[in-house]
Amino acid sequence: MTDAVSRLAAIQARIAGRAALVAVSKTFSAGEIEPVLQAGQRLFGENRVQEAAAKWPGLRVKFGGVELHLIGPLQSNKAAEAVALFDVIQTIDRPKIAEAVAKEMKKAGKRLRCLIQVNTGHEPQKAGIAPEALDGFLRQCREDYALPVSGLMCIPPVEGDPRPHFKALAEMAKRHGLKELSMGMSGDFETAIEEGATLVRVGSAIFGSRPQITR
Ligand SMILES: *Cc1c(COP(=O)(O)O)cnc(C)c1O
């Protein structure tokens, strides 16, 4: 068993079926991801379209049933490629992106699950729609673009207690009848599950530490 495979088992044991595990494989090579696929993991997250394009088509040939989630910011000129590569887009955060993804899904005859990223901490450097703008944006996604929005995603500020952010996101999802809640990472996924996460995004606790900070 590789280290990643034993760490995966430990994380799955801690989750204990309470949420789905998205294994975040950004910065790790196809060769490093393969043992985790061999161990049965099928949900993965990547934050860059180009990096996913280099790794995942090949891995999908070898392993069936993969569900790939885009968890990083999307540029509208990459929307077509993202729709081709991914099964779920967790980072819909502005009208231009919602429109581009809806248009490319229609063109490709493919319906991806979409989550709206909410900037619960109002951090200027972070992607995501402001909480107070969510109602209007969600209405726009549904009415203007017919985008299949199934949930919400957030990345709380690095400093401080993430729980209030998880609570706030869960409350927003409930208010809008959205079932999927993507929240919690290596350091706080158990807190996120307590607050209702249905998807947790865990990278370094499975694959090990990454060489540098990525978005
Ligand atoms: C990298 C990343 C993760 C995983 O972070 P870890 O702390 O390594 O578990 C989760 N969500 C997003 C959006 C990420 O970019």
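Since every read-out is calculated from the coordinates, none of them should be taken as a lab result. Since this is a predicted model, take the numbers as computed values, not measurements. Note that we place each Cβ from the backbone using ideal geometry, even for glycine, and neighbour counts take in every protein chain shown.
Here are the numbers for the structure shown:
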read-out	value
Inter-part distance where segment 53-78 and segment 2-19 are each reduced to a Cα centre, Å	22 Å
Exposure proxy order (Cβ contacts within 10 Å, fewest to most) of Asp161, Asp87	Asp161, Asp87
Among Arg18, Arg60, Arg42, residue whose mean-square fluctuation peaks in a GNM of the chain (springs only between Cα atoms under 10 Å)	Arg60
Cα-derived Rg over Rh, computed across segment 124-208 with Rh taken as Kirkwood radius	0.99
Calculated P(r) of the chain - Cα pairs past 28 Å, %	24 percent
Kirkwood-based Rg to Rh ratio, segment 77-149, C-alpha trace	0.97
Eligible aspartates and glutamates near Lys62 by straight Cα distance, threshold 20 Å, same-chain separation 8 or greater	Glu32, Glu34, Glu46, Glu51, Asp87
Too-long pairs where the Cα-Cα distance tops 19 Å, listed order kept, from Lys78/Lys103; Lys110/Lys174; Lys78/Lys110; Lys78/Lys107; Lys96/Lys126	Lys110/Lys174
Cβ-derived FRET efficiency at R0 30 Å, Arg175 paired with Thr2, nearest 0.05	0.10
Convex hull volume of segment 6-130 per residue (C-alpha atoms, cubic angstrom)	125 Å³
Cβ-Cβ FRET estimate between Val158 and Lys106, R0 fixed at 30 Å, reported to 0.05	0.20
